[in-house]
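The values are calculated or read from the model by the stated rules, or taken from the named source; none is laboratory data. Since we're looking at a predicted model, the values are computed, not measured. Glycine gets a Cβ as well: all are built from the backbone with ideal geometry, and neighbour counts include every protein chain shown. Just the protein is used for accessible areas: all its heavy atoms, side chains included, with ligands, DNA and RNA removed. Shrake-Rupley method; radii C 1.70, N 1.55, O 1.52, S 1.80 Å.
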Amino acid sequence: MESSRVFVRPLSEADLPDLLAINGDERVTRFLGRPPWKEMAEAEAWFQRISALREAGSAVDFAIIKKAGGGVIGRCGLFEYEVENASAVVGYLLGRDHWGQGYMREALTALIDCSFKGMDLRRLEARVEAGNLASSGLLRRLGFIREGVLRERWLTGGEPTDAEVYGLLRHEWAGQSRLSEATAKDAAQSSPEFSTFPS
């Protein structure tokens, strides 16, 4: 998958050094409900877990590659895949050096297109911590509808936090115009942080 500025391809173990740098930033991970990675062993343990989910058919994880330079700048993916309901949950994360530039909107546009057209999913869901206003704004700009709140769904820093639930249906996405690149307004408002990625 690709957009004007990024490629979105399956993650590999070779991506772990770049992901360690991204996940080692506490500002990037503050809505993930876990501390930042400190060493490669944590990245390797995470990769084993996500690989097991992929082999079980319940998740797929992608690296976001910046075309200019070729480096891994983040990741996005689908998890909690339900064949019988043709649905999955979306998660994403972006390195802080690339915040506010519209990269995540491009990557998620490609992922959503693939989910509905290539994978024939019917529904995508996203859950975001109630205080994560930038990510909820990004979801809305992508067409997701806020459907409700799961009260005290997560513990963040030992404190209970609410999770907002967003949903996007295939027929809703089909009515949107595709974006080849983010606008300046989107870039200024976009955020990478999302609180439900498998950790």
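Note on the stretch 14-31 and the stretch 81-148: Cα centroid distance 19 Å, given to the nearest whole angstrom. Helical content alone sets the calculated 222 nm signal of the chain at -8000 deg cm²/dmol, taking -39,500 (n - 2.57) per DSSP H segment of four or more residues and averaging over every residue. Across the stretch 75-82, coupling constants 3J(HN,Hα) worked out from phi with the 6.51/-1.76/1.60 Karplus curve, θ = phi - 60°, read 8, 8, x, 10, 8, 6, 5, 10 Hz, and Gly and Pro carry x. Normalised size of the stretch 1-140, defined as Cα radius of gyration per 2.2 N^0.38 Å with N residues, equals 1.01. The accessible-area ordering, largest first, of the residues GLU82, GLU164, GLU39 stands as GLU39, GLU82, GLU164, per a 1.4 angstrom probe. Taking a point 7 Å from the Cα of ARG96 along the Cα-to-Cβ direction, the residues of the stretch 13-46 with backbone N closer than 17 Å to it are 18-39.
Under 17 Å of direct C-alpha separation, and excluding same-chain neighbours fewer than eight residues apart, LYS66 reaches these aspartates and glutamates: GLU2, ASP15, ASP18, ASP97, GLU106, GLU181.
Sequence-distant contacts, meaning Cα pairs under 8 Å at least 6 residues apart, place the relative contact order of the chain at 26 percent. Each of SER51 and ARG122 was given a label point 7 Å from its Cα along the Cα-to-Cβ line. The distance between the two points is 3.4 nm.
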